[in-house]
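K.L.:
Below are the structure tokens for one structure; questions will follow.
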Amino acid sequence: MAAATGSVATFARKMIDASLLCNPISSVPSSSSSSPSQSSPQLSFFDGRSSSGRRRRAGLGRARLNLRCEVRAEDKKAVVVENSRVSSISALEQLKLSAGDRYTRERSSIIVVGLSVHTAPVEMREKLAIPEAEWPRAIEELCSFHHIEEAAVLSTCNRMEIYVLALSWHSGIREVTEWMAKKSGIPASELRQHLFLLRDNDATQHIFEVAAGLDSLVLGEGQILAQVKQVVKVGEGVVNFGRNIGGLFKHAISVGKRVRTETNISAGAVSVSSAAVELALMKLPESSATTARMLVVGAGKMGKLVIKHLVAKGCTKMVVVNRSEERVAAIRDEIKDIEIIYKPLTEMLNCAAEADVVFTSTASESLLFYKDNVESLPSVGQEVGGLRLFIDISVPRNVGACISKLQSARVYNVDDLKEVVEANKEDRHRKAMEAQAIIGEEAKQFEAWRDSLETVPTIKNLRAFVEGIRVAELEKCFSRMGDDIPAKTKKAVENLSRGIMNKVLHGPMQHLRCDGSDCRTLSETLENMHAINRMFDLETRGPSWNKRFNPRWPKNDPNPTTSIQIRGDNSSSFFTNLTTPLFQVL
């Protein structure tokens, strides 16, 4: 993208310089003091933002840099009209100071703004939690801001993180923070106290650590990798889950797999569901660990994992409450020789009255157990400690925290799982160090891959440039050969010209392609890119050559204002309008 945007900025400067050389401009007089006969060519620049205040972004993005030139019918000289105001600064100075020019000097930044179990309490996280079904809409809302090009949402019980590709990293952070504050109803000033902000390589390292399980409560737990995969699955159908953010998450999945394979970090490490079971067993007397009456509310992914881990710890009977029996029946078929009793949601309180430990894992956005409900339940026996345990691993929470004030019950949520994670610190630290080495290596490869994307516009421009020459020369050849050329001959000549072009381009294309895995090769590739840009003058004519320079004249208009559209590569969606006089300078 950097090459594409840079080439457009260079092109615009050269076009305006050419006009200024022909007709120097010092200022733009007011319309009241000028007349058609006395006026000299006047040029002024504007970036189009004031006339389209609600457009997505000025600078880069869709319809980013809007340079409009109009031709006066009476003198056919270039006059660029600034929307709603007239400036005394020269066009060249305005171009240098414009927001569009500022954005062309730097590559867009990958930013992550979020909070997790390490930075924010569950009360705040549950207000920011976004259901998976709403991720596409959240991405669309985020990308409606001026400085955000791409976005992704990672929302789990332990974290809520927003990943964006931003034209301006400080503006991008501000826009994401504003969106989060509006979405949650939490004042931005309060929200900032719990947010973490990471940019570019730090953001890359973070998502790699998340996918590898290094940022989880339970080191190496596999559930987070499945959640990162789900982000990619959902994002593939969303327009603004673009090349950079999409590539970041796909690379993160590969990193997560590699870390688990090479370090064995997941050995002994489990999911949040497993940690919930371990916490319950830690709170129960050792003698009642296998005999306590277990109730699981919710038979989704998390609930199913709770059931499996209970079975692994020796539990042979449990009650499962769910809205429908289908999922419970499927679990019963999968886990043999275990008594799993299904109860509908309407019988939840009756089932809780007969349970010693209650696990809750549902998608309900409201509480399922209130203090009044639990207070009326019969007490549990002393053989299980005399306390009814509620292990709530749902976000938003399903069990009211005030229940812990009762003498007969205790409530534990996902934040309390930290107690389980404290075991075996030395082994976790050693494995984490091994994983960090892998992550550092992979982060360099990803940044190199992003750098290698700079050659894409040059590859496209070079092919378009040579293709334009081929087509032009072919038309000359056919015109000299006459109109009665056999179709077979015509096709043979065309194939011959295309074959020659491909053979000639093969060498340069090979030296412009790089997978980003070798920094030395990447450096050489970028040097080759700059050399080819200079040799073929692609920075000025590349984007405008052949199909990339697409003049459009309105139909049935004898004296049109020509609008020329310069198209960047698909990843940058860069659109610019230039005018007839500047086109004629070419």
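K.L.:
Please work out which residue is farthest from GLU441 (Cα to Cα), limiting yourself to segment 508-536 and to residues that are open to solvent by 40 Å² or more (accessible area, probe 1.4 Å), at pLDDT below 80 and in a loop (DSSP other than H, G, I, E, B).
P.N.:
ARG513
K.L.:
What is the number of the single condition among (1) open to solvent by less than 10 Å² (accessible area, probe 1.4 Å); (2) in contact with a helix residue (DSSP H, G or I) (Cβ under 9 Å, 6 or more places away or on another chain) that ARG397 does not meet?
P.N.:
(1)
K.L.:
State all residues of segment 274-294 that are among the hydrophobic types (A, V, I, L, M, F, W, C) and not in a helix (DSSP H, G or I); if no residue qualifies, say none.
P.N.:
Once the filter is applied, which keeps residues that are among the hydrophobic types (A, V, I, L, M, F, W, C) and not in a helix (DSSP H, G or I), segment 274-294 yields LEU284, ALA289, ALA292, MET294.
K.L.:
To continue, here is another question. Quick check on this structure: which one of SER288, SER324, SER266, SER274 is open to solvent by less than 70 Å² (accessible area, probe 1.4 Å) and closer than 22 Å to GLU383 by Cα?
P.N.:
SER288
K.L.:
Restricting to segment 187-211, give me the number of residues that are touching a helix residue (DSSP H, G or I) at 6+ places or on another chain (Cβ under 8 Å), in a helix (DSSP H, G or I) and not small (Gly, Ala, Ser).
P.N.:
Total satisfying the criteria: 9.
K.L.:
Among the residues of segment 218-236, is there at least one that is closer than 22 Å to HIS146 by Cα and either in contact (Cβ under 8 Å) with a residue 12 or more places away in the chain or small (Gly, Ala, Ser) (or both)?
P.N.:
yes
K.L.:
In addition: Within segment 479-492, is even one residue under 30 Å from GLU278 (Cβ atoms), assigned to a helix (DSSP H, G or I), open to solvent by 80 Å² or more (accessible area, probe 1.4 Å) and of a type in the set (A, V, I, L, M, F, W, C)?
P.N.:
no
K.L.:
Just give me the residues in segment 454-465 being closer than 14 Å to VAL504 by Cα and open to solvent by 30 Å² or more (accessible area, probe 1.4 Å), in sequence order.
P.N.:
Of everything in segment 454-465, just one residue is closer than 14 Å to VAL504 by Cα and open to solvent by 30 Å² or more (accessible area, probe 1.4 Å), namely ARG463.
K.L.:
Give me the pairs: first residue in segment 174-201 and on the phi > 0 side of the Ramachandran plot, second residue of a type in the set (A, V, I, L, M) and in a loop (DSSP other than H, G, I, E, B), beta-carbon distance under 7 Å, and six or more apart or on different chains, which are they?
P.N.:
Short answer, once both residue conditions are applied: none.
K.L.:
Among the residues of segment 128-152 satisfying the criterion of being of a type in the set (Gly, Ala, Ser) and not in a strand (DSSP E or B), which is surrounded by the fewest Cβ atoms within 10 Å (Cβ to Cβ)?
P.N.:
ALA133
K.L.:
Can ILE438 be described as part of a helix (DSSP H, G or I), over 30 Å from LEU345 (Cα atoms) and open to solvent by less than 60 Å² (accessible area, probe 1.4 Å)?
P.N.:
Yes; evaluated as a whole, the condition is true for this residue.
K.L.:
Okay, next question. Anything in segment 212-233 that is assigned to a loop (DSSP other than H, G, I, E, B) and closer than 14 Å to GLY256 by Cα? List them, or say none.
P.N.:
Within segment 212-233, GLY213, LEU214, ASP215, SER216, LEU219, GLY220, GLU221, GLY222 meet the criteria.
K.L.:
Continuing with the same structure: How about segment 196-219: which of its residues are touching a strand residue (DSSP E or B) at 6+ places or on another chain (Cβ under 6 Å) and open to solvent by 30 Å² or more (accessible area, probe 1.4 Å)?
P.N.:
Result: LEU197, LEU198, ARG199, ASP200.
K.L.:
Is it the case that segment 295-309 has a residue that's open to solvent by less than 80 Å² (accessible area, probe 1.4 Å), of a type in the set (A, V, I, L, M, F, W, C), at pLDDT below 90 and in a loop (DSSP other than H, G, I, E, B)?
P.N.:
Within segment 295-309, not a single residue is open to solvent by less than 80 Å² (accessible area, probe 1.4 Å), of a type in the set (A, V, I, L, M, F, W, C), at pLDDT below 90 and in a loop (DSSP other than H, G, I, E, B).
K.L.:
Still on this model: Looking at segment 239-264, which of its residues are farther than 16 Å from GLU161 by Cα, in a helix (DSSP H, G or I) and within 8 Å of the chain's Cα centre (by Cα)?
P.N.:
If the condition is that a residue be farther than 16 Å from GLU161 by Cα, in a helix (DSSP H, G or I) and within 8 Å of the chain's Cα centre (by Cα), then ASN244 is the only one that fits.
K.L.:
For residues in segment 340-370 being of a type in the set (Phe, Trp, Tyr) and within 40 Å of the chain's Cα centre (by Cα), which is most open to solvent (accessible area, probe 1.4 Å)?
P.N.:
By that ranking, first place goes to TYR370.
The values are calculated or read from the model by the stated rules, or taken from the named source; none is laboratory data. Quick caveat: nothing in here was measured; it's all calculated off a predicted structure. With ideal geometry, Cβ positions are generated from the backbone for all residues, glycine too; neighbour counts draw on all protein chains shown. Quick note on the areas: whole protein, heavy atoms, side chains included, nothing else; ligands and nucleic acids left out. Shrake-Rupley method; radii C 1.70, N 1.55, O 1.52, S 1.80 Å.
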